[in-house]
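The values are calculated or read from the model by the stated rules, or taken from the named source; none is laboratory data. None of these values were measured; they are calculated from a predicted model. Heads up, the Cβs are rebuilt from the backbone with ideal geometry, glycines too, and the neighbour counts pull from every protein chain shown.
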């Protein structure tokens with residue numbers, strides 16, 4: 001029977017204290033996974049433990065190699081293995097390309113791309129030693145098409161998809177798959193503040209389904225990719241954009 005169970009799996013979610021990451025933590029726990037949250041906002045991450053959703057939460061600055069090493073070591077020490085990694089930590093700094101600061105570019109790349117690399121590499125070594133596991137990274141529709149005002153964000157997400165395809169190529173023969181999920185705008189609390197306006201209405205009008213995505217819809221895709229039923233899916237960028245990029 002196909003049920004997309006995650007029973008017995010240890011899943012690590014970066015940026016799991018809020019937004020899409022938080023929805024993925026909830027969905028994984030509901031499907032039976034032991035979920036560990038890695039987040040710079042460790043107090044918010046701890047709330048996921050206090051409410052009984054996550055099994056543990058560790059402070060982690062994904063831009064710092066030492067912080068990543070320490071956090072991943074802590075997960076392995078407490079749980080003995082890792083089966084699923086979700087790279088969900090990310091930021092978006094918007095504005096015209098000619099006005100983008102070097103600091104904003106560097107911060108975007110550090111979190112969205114360097115961070116995913118550092119965590120994937122550290123966790124990947126554990127997965128490869130086990131001979132099993134999967135890496136799931138949150139990219140964006142901005143990894144498929146250009147979006148005005150999103151120079152650094154698009155660059156980082158295009159890079160994330162490219163990085164993931166290389167991981168998929170190098171690691172699948174050793175039992176470890178890698179894929180990306182690329183949503184349209186997702187109605188997290190922050191997104192509601194940013195897009196509940198005429199600009200948001202205009203963007204929705206360009207989406208064939210006529211709406212933005214809900215966090216639970218992205219989490220459902222993450223559940224599928226983490227399940228044993230998805231073991232043959234590798235190197236895929238799975239768009240969840242209502243058809244925005246098909247035109």
Worksheet item: Does the range 90-112 contain at least one residue that is touching a residue at least 40 places away in the same chain (Cβ under 8 Å), outside any loop (DSSP other than H, G, I, E, B), under 19 Å from residue 10 (Cβ atoms) and within 15 Å of the chain's Cα centre (by Cα)?
Response: no
Worksheet item: Name the pairs: first residue in the range 55-66 and without any contact (Cβ under 8 Å) to a residue 40 or more places away in the chain, second residue part of a loop (DSSP other than H, G, I, E, B), Cβ to Cβ under 6 Å, at least 6 apart or on different chains?
Response: 61/40
Worksheet item: Which residues, taken from the range 28-51, are farther than 20 Å from residue 220 by Cα and more than 17 Å from the chain's Cα centre (by Cα)?
Response: 42, 43, 44, 46, 47, 49, 50, 51
Practice prompt. Go through (1) closer than 26 Å to residue 146 by Cβ; (2) modelled with pLDDT of 95 or more and name the single condition residue 234 misses.
Written response: (1)
Worksheet item: Has the range 122-133 got any residue that is assigned to a strand (DSSP E or B), surrounded by 23 or more Cβ atoms within 10 Å (Cβ to Cβ) and touching a helix residue (DSSP H, G or I) at 6+ places or on another chain (Cβ under 8 Å)?
Response: yes
Discussion item. So if I check each of 119, 35, 72, which one is modelled with pLDDT of 95 or more and either farther than 28 Å from residue 152 by Cβ or outside any helix (DSSP H, G or I) (or both)?
Written reply: 35
Discussion item. Going by what's in this entry, would residue 25 be described as closer than 20 Å to residue 179 by Cα and not in a helix (DSSP H, G or I)?
Written reply: no
Worksheet item: Of the residues 72, 25, which is surrounded by 23 or more Cβ atoms within 10 Å (Cβ to Cβ) and over 20 Å from residue 222 (Cα atoms)?
Response: 72
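So that you can scan it fast, the table gives a plain yes or no per residue for (1) over 19 Å from residue 112 (Cβ atoms); (2) more than 17 Å from the chain's Cα centre (by Cα):
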site	(1), (2)
143	no, no
146	no, yes
168	no, no
172	yes, yes
196	yes, yes
226	yes, no
Fill in: Test for residue 146: is it outside any helix (DSSP H, G or I), without any contact (Cβ under 8 Å) to a residue 40 or more places away in the chain and over 24 Å from residue 23 (Cα atoms)
yes
Response to the item:
Being surrounded by 15 or more Cβ atoms within 10 Å (Cβ to Cβ), closer than 20 Å to residue 120 by Cα and touching a helix residue (DSSP H, G or I) at 6+ places or on another chain (Cβ under 7 Å) narrows 155, 172, 168, 219 down to just 219
Worksheet item: Can you tell me which residue in the range 106-120 is nearest to residue 85 (Cα to Cα), limited to those that are out of contact with any helix residue (DSSP H, G or I) (no Cβ under 7 Å at 6 or more places or on another chain) and surrounded by 15 or more Cβ atoms within 10 Å (Cβ to Cβ)?
Response: 115
Practice prompt. Answer yes if at least one residue in the range 47-58 is outside any loop (DSSP other than H, G, I, E, B) and loosely packed, with under 15 Cβ neighbours inside 10 Å, and no otherwise.
Written response: yes
Worksheet item: In the range 187-246, which residue that is in contact with a strand residue (DSSP E or B) (Cβ under 7 Å, 6 or more places away or on another chain) and part of a helix (DSSP H, G or I) is farthest from residue 85 (Cα to Cα)?
Response: 245
